[in-house]
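Encoded as structure tokens, the structure appears first; notes follow it.
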Amino acid sequence: MALNLTKRHFFRSTLLLLALAAAPAVAAETDEVTRSLGLSEEQSVTSSRFPRPASRIAENQTVITSEEIARINAHTVADVLQTLPGVQLDQLQTPGSVNFFHVLGATGRHVLVQIDGVPQNFIGSENIAWVGHIPVQMIERIEVVKGAASAAWGSALGGVVNIITKSPAADRAAGGMLSASTGRSSTRDLRAELSGSSENFGYYLTGGTISSDGLVQGNDTDFNHGFGKFSFALPNRGEATLGIDVRQDSMGLEESQRFNFHNTGANRYVSGNLSVRYPLAERLDLELNGRGGKREVENKRMLLSEPTLFFDASGKESFQGAGASLSWGDASHALKGGVEFERTDIEARELVRQLPQMNFDLSLRRLSAYLNGTYTIGKLSILPGVRLDHIDLLEDPVSYTLGATLRLTDSTLLRGYAARGYGMPVITNLGMQSGEVQRELQHVRTVQAGVESAEIPYLWLKGTLFYANVWNIQGFDGLATTLDEQVRQGVELELRSSPLQGFALTGAYNFTDARDRKSGEKLGGGESGPRQSLKLGLNYDNQEAGLTAALIGNYVKLHDLGPSAKWDGMLWDLHVTQKLPLDMESTAELFFSLRNILNSEQYQIEFRPNAPRWFEAGARYRF
Amino acid sequence: MRALLLSLLLALTLSSMPAAWGADVLILQSSRTPAYDEALRGFRAACKSSGHTLVLSDYAEVDVLRIVKEERPRLILAVGDKALAASRKVREVPLLSMLSLSLNLSKRFPDNVGGVAMAVAPGEYLKLFDALGAKRVGVFYDPNKTGLYLKRAAHEARELGFVLVAEPVLEARDLQSKLEKMKGEVDAFWMLPDSTVVTMVNVEALLLFSMSQNIPAVTFTGQYLKNGAAAALEIDPFDMGVQTGEVAASLLRGEARRVQVIPPRKIRLERNESVLRKLRLKINGQLTMDN
């Protein structure tokens, strides 16, 4: 009854808010200067005919920009990924905590996550990239490739999350932003940003802290981060860029009175990267990059009834890498080839049981060469690619892809590709059961085909069919590690509308059928993500009034939830931002987010519940 | 392995085959207006390179960075303010802009951005004021919108012996109260293309004031001559397109290295003879000129 009342109240309030907000949107008009110079459109346009231009690439890619990230008041990359079609977070807890995710049925450990070319996957920690420990402030855009992309990216069996950071502000010597928000359970996010350029030098600096007493029991976080980027202009429009990334996070992971345990973790990360881009000739660019850094992770589990540790693990990883590439050509006719080297030293320890598979030192070196091309004949573009890797201790994979796009009209594009790719195996624990590193990589053969069209006025539609056969997936049958073969196939549909009176709709539906190839049995949600998911968004923009709002719904259906799971309804979040212009150079923004509005429960394990309904509000000052 | 060899062979064969290059110029047009179309006709007349045009107002959202990454143009042409704003994050490719009010009025742009400015150079206006016999010139401006231009104008005015009586206006409604301050202080008004100052109400008030005080008002568009402005310096969109096209062709040929902001070269003087007669003024000399 109480829930019904809340739901009714929520929908009525939302409708009222949106109706009120719509009123001033109608009043927007062109200014007098533009009109007097004949630069305004002859007929006033209330809605653009097409939501967006069609993309030209063969892969199924989704891009999200810093403006869209700011709209949803995201704290970390985990918050952003949760809103993207085809991507699903397993746990939605306190900002700054651990998150696992799936991309079109592929587990996050098969997805390469990188920031400005620096890989974030922790080979010594099951190849997972902790997207909940990547803050969003420094992000300019995130490009998510859904499906195998090894020919271009290397270990990317399930896709790529390519994070590109902001460049120094080019139009001022100094500008920046201060932001603070607070919400339930003392959940706070404090950030600052400073950016500017002089003649040949630019800088971008940001830092902040995310902390919380925990939106769920035992899930407190204390996350500090800093990021810097310095650019130097070289002759002939070349550029050198130096990036530094520092993060430190300690958190409670989970707690259970019933099972009498408490689980905590800590992460430390530091990296630096230097890249040089230099045009050698017309349509011929040279790129050089070097990177290095350290990752450390700790995990301690203890009894609640007495201060006894029963698990005390740590992993340390130092990495160095370098690469060189040449890109030649344009959109119609292009080649990109390059070489890469990467060395990763891993140190794993578990001090309580001291099992050999959790106590080892390992050094991995990878040497790669790749070549990717584009060739266009009329409306057809063919996109072949190949990559050879040599990895110490593991097998040497050959990855290749053959893609094509066919531009049927200016607004409709057919795309498809077939590829073979690989992913790094789990080295710790499962990968060391025999005392030696499992040599087999995890492999995929995949085919995708899709269409993207803005042919129907005011609608942009995209559909993708995908099939992936993956093998050498590590499992454990109680006695030994098994190497399983799985088939994941399905469909993804996306929709966007043009804004009408400031309102625009987005929607995405995904169906994934994931099965064990031998037995034919469906895979559980933990292994393959949701069987069905529906993401809905209603965005509102009123530039005149400086008001933006986003109402986001997320429905997920999993297979084989497990006995302690709870899964009801949709998760709805509302984000509202009101801009208050102070002058041309500075603005203030007030914002709030109401997350999990209907207080839905969605979790697979009872001591890892999702965050309940929570509210946060804050302010930003941009100068 | 056969598929691998096939991919390699395909990549190498295709890349060695002769093929037409993709578009040299990515043209981002803010909206479909006759002025933009006219300027683009001029651009195409002077720059024969291939171009791919995207009209931004056709789309609710355009991710210009993605388009640039996919199209890989050698040059971007941003036509109008909306296109210039949408391209502000592009750094690797030279960007030329035309018919963009913001290009040289308010703030500086990255080194890869240039083009032909919309605003006529201050020196041309000062020649006109000289011809009108005005030495004290009143001007209203919003520092955030036309501050950069006014700074340049003030510097040039000082050097040429003019007194620029500049009054900042932060909100449109403030203009009318500030008009009174100009009484008896100026010999002419200079109306800048500043959207804070130039509203329909303010234009009416300013021109009424100029008539009542018997001082000429000079504007950036002939549109206001019928409302009582004495003269206007207008740009020619077609020639602005030709001028931009010449710069683009020079960049594409590799002759020019730096992207710069340059003033429009063809300026047309429009005058309201009846207002000039009433004010007993005569514009002397040849003021329509090619820079």
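Quick grid of which residues meet (1) modelled with pLDDT of 95 or more; (2) among the hydroxyl-bearing types (Ser, Thr, Tyr):
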{"residue": "A:ARG188", "(1), (2)": "yes, no"}
{"residue": "A:SER195", "(1), (2)": "yes, yes"}
{"residue": "A:PHE201", "(1), (2)": "no, no"}
{"residue": "A:THR209", "(1), (2)": "yes, yes"}
{"residue": "A:VAL216", "(1), (2)": "no, no"}
{"residue": "A:LYS229", "(1), (2)": "yes, no"}
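I'd like the full set of residues that are touching a helix residue (DSSP H, G or I) at 6+ places or on another chain (Cβ under 6 Å) and either aliphatic (A, V, I, L, M) or at pLDDT below 90 (or both), limited to the stretch B:173-189. Scanning the stretch B:173-189 gives B:LEU175, B:GLN176, B:LEU179, B:ALA188. Determine whether A:THR412 is more than 14 Å from chain B (Cβ to nearest Cβ), more than 24 Å from the chain's Cα centre (by Cα) and polar (S, T, N, Q). For A:THR412, the condition - more than 14 Å from chain B (Cβ to nearest Cβ), more than 24 Å from the chain's Cα centre (by Cα) and polar (S, T, N, Q) - is met. Each residue in the stretch A:465-517 was checked for being among the hydrophobic types (A, V, I, L, M, F, W, C) and free of Cβ contacts under 8 Å to residues at least 24 places away in the same chain, and 2 of them qualify. Is it the case, given these coordinates, that A:TYR417 is at pLDDT 90 or above, part of a strand (DSSP E or B) and in contact with a helix residue (DSSP H, G or I) (Cβ under 6 Å, 6 or more places away or on another chain)? It is false that A:TYR417 is at pLDDT 90 or above, part of a strand (DSSP E or B) and in contact with a helix residue (DSSP H, G or I) (Cβ under 6 Å, 6 or more places away or on another chain). Against the test of being of a type in the set (S, T, N, Q), within 14 Å of another protein chain (Cβ to nearest Cβ) and farther than 19 Å from B:GLU61 by Cα, the options A:THR446, A:THR481 yield a single qualifying residue, A:THR446.
Name the residues in the stretch A:355-400 that are surrounded by fewer than 22 Cβ atoms within 10 Å (Cβ to Cβ), without any contact (Cβ under 8 Å) to a residue 24 or more places away in the chain and within 14 Å of chain B (Cβ to nearest Cβ), would you? Answer for the stretch A:355-400, where residues must be surrounded by fewer than 22 Cβ atoms within 10 Å (Cβ to Cβ), without any contact (Cβ under 8 Å) to a residue 24 or more places away in the chain and within 14 Å of chain B (Cβ to nearest Cβ): A:ILE377, A:GLY378, A:ILE382, A:LEU388, A:ASP396, A:VAL398. For the stretch A:123-162, the candidate set comprises residues that are aliphatic (A, V, I, L, M) and either assigned to a strand (DSSP E or B) or out of contact with any strand residue (DSSP E or B) (no Cβ under 9 Å at 6 or more places or on another chain) (or both); within that set, the residue that is farthest from A:PHE100 (Cα to Cα) is A:ILE139. How about the stretch A:498-534: which of its residues are out of contact with any Leu (no Cβ under 8 Å at 6 or more places or on another chain), closer than 30 Å to A:PRO53 by Cα and outside any loop (DSSP other than H, G, I, E, B)? Of everything in the stretch A:498-534, those that are out of contact with any Leu (no Cβ under 8 Å at 6 or more places or on another chain), closer than 30 Å to A:PRO53 by Cα and outside any loop (DSSP other than H, G, I, E, B) turn out to be A:LEU500, A:PHE511, A:GLN532, A:SER533, A:LEU534.
The single condition among (1) within 30 Å of A:PHE259 (Cα to Cα); (2) part of a strand (DSSP E or B) that A:VAL352 does not satisfy is (2).
Counting just the residues of the stretch A:184-193 that are within 24 Å of the chain's Cα centre (by Cα) and of a type outside the set (Val, Ile, Thr), which one comes out surrounded by the most Cβ atoms within 10 Å (Cβ to Cβ)? Selected residue: A:ASP189.
Rundown of residues vs (1) touching a helix residue (DSSP H, G or I) at 6+ places or on another chain (Cβ under 6 Å); (2) closer than 18 Å to A:THR83 by Cα; (3) not hydrophobic (A, V, I, L, M, F, W, C), yes/no style:
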residue	(1), (2), (3)
A:LEU479	no, no, no
A:GLN501	yes, no, yes
A:ALA508	no, yes, no
A:ASN539	no, yes, yes
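Residues in the stretch B:65-85 that are under 25 Å from A:VAL33 (Cβ atoms) and surrounded by fewer than 22 Cβ atoms within 10 Å (Cβ to Cβ) were compared, and the one that is nearest to the other protein chains (Cβ to nearest Cβ) is B:ASP81.
All of B:TYR125, B:TYR36, B:TYR59 fail the test of being farther than 30 Å from A:ALA174 by Cα, away from chain A (no Cβ under 12 Å) and aromatic (Phe, Trp, Tyr), apart from B:TYR125. As a summary of the residue check, B:LYS145 satisfies the conditions (1) of a type in the set (Lys, Arg); (2) away from chain A (no Cβ under 11 Å); (3) in contact with a helix residue (DSSP H, G or I) (Cβ under 9 Å, 6 or more places away or on another chain) except for the one numbered (2). Just so you know, in the stretch B:183-237 the residues that are of a type in the set (Gly, Ala, Ser) and within 20 Å of the chain's Cα centre (by Cα) include one that is farthest from B:PRO34 (Cα to Cα), and it is B:ALA231. Across the stretch A:221-238, the qualifying residues are those that are in a strand (DSSP E or B) and more than 25 Å from A:SER186 (Cα to Cα), and the one among them that is farthest from the other protein chains (Cβ to nearest Cβ) is A:GLY228. Hey, any hits in the stretch A:317-335 for a residue that's at pLDDT 95 or above, within 14 Å of chain B (Cβ to nearest Cβ) and surrounded by fewer than 19 Cβ atoms within 10 Å (Cβ to Cβ)? Yes: the stretch A:317-335 contains one or more residues that are at pLDDT 95 or above, within 14 Å of chain B (Cβ to nearest Cβ) and surrounded by fewer than 19 Cβ atoms within 10 Å (Cβ to Cβ).
Residues in the stretch B:249-265 that are assigned to a loop (DSSP other than H, G, I, E, B) and more than 20 Å from the chain's Cα centre (by Cα) were compared, and the one that is surrounded by the most Cβ atoms within 10 Å (Cβ to Cβ) is B:ALA256. Would you check if there is a residue in the stretch A:321-330 being outside any strand (DSSP E or B) and over 25 Å from A:GLN257 (Cβ atoms)? Within the stretch A:321-330, one or more residues are outside any strand (DSSP E or B) and over 25 Å from A:GLN257 (Cβ atoms). Among the residues that make up the stretch B:92-101, is at least one of them within 21 Å of the chain's Cα centre (by Cα), among the small types (Gly, Ala, Ser) and facing another protein chain (nearest Cβ under 7 Å)? Within the stretch B:92-101 (the criterion being within 21 Å of the chain's Cα centre (by Cα), among the small types (Gly, Ala, Ser) and facing another protein chain (nearest Cβ under 7 Å)), the answer is no, since none of the residues qualifies.
Any residue in the stretch A:142-170 that is surrounded by 24 or more Cβ atoms within 10 Å (Cβ to Cβ) sitting within a Cβ distance under 6 Å of a residue that is charged (D, E, K, R)? List the pairs, counting only those 6 or more apart or interchain. Final answer for the pair search is A:ALA151/A:ARG387; A:GLY159/A:LYS146. Exactly one residue among B:THR199, B:THR219 is closer than 17 Å to B:LEU276 by Cβ and at the interface with chain A (Cβ under 9 Å from one of its Cβ atoms), and that residue is B:THR219. The sole residue among A:GLU306, A:GLU254 that is in contact with a Gly (Cβ under 7 Å, 6 or more places away or on another chain), among the charged types (D, E, K, R) and more than 14 Å from chain B (Cβ to nearest Cβ) is A:GLU254. For the stretch A:275-303, a residue qualifies if it is within 14 Å of chain B (Cβ to nearest Cβ) and among the polar types (S, T, N, Q), and exactly one does: A:SER275.
The values are calculated or read from the model by the stated rules, or taken from the named source; none is laboratory data. Model, not experiment: these values are computed from the prediction. With ideal geometry, Cβ positions are generated from the backbone for all residues, glycine too; neighbour counts draw on all protein chains shown.
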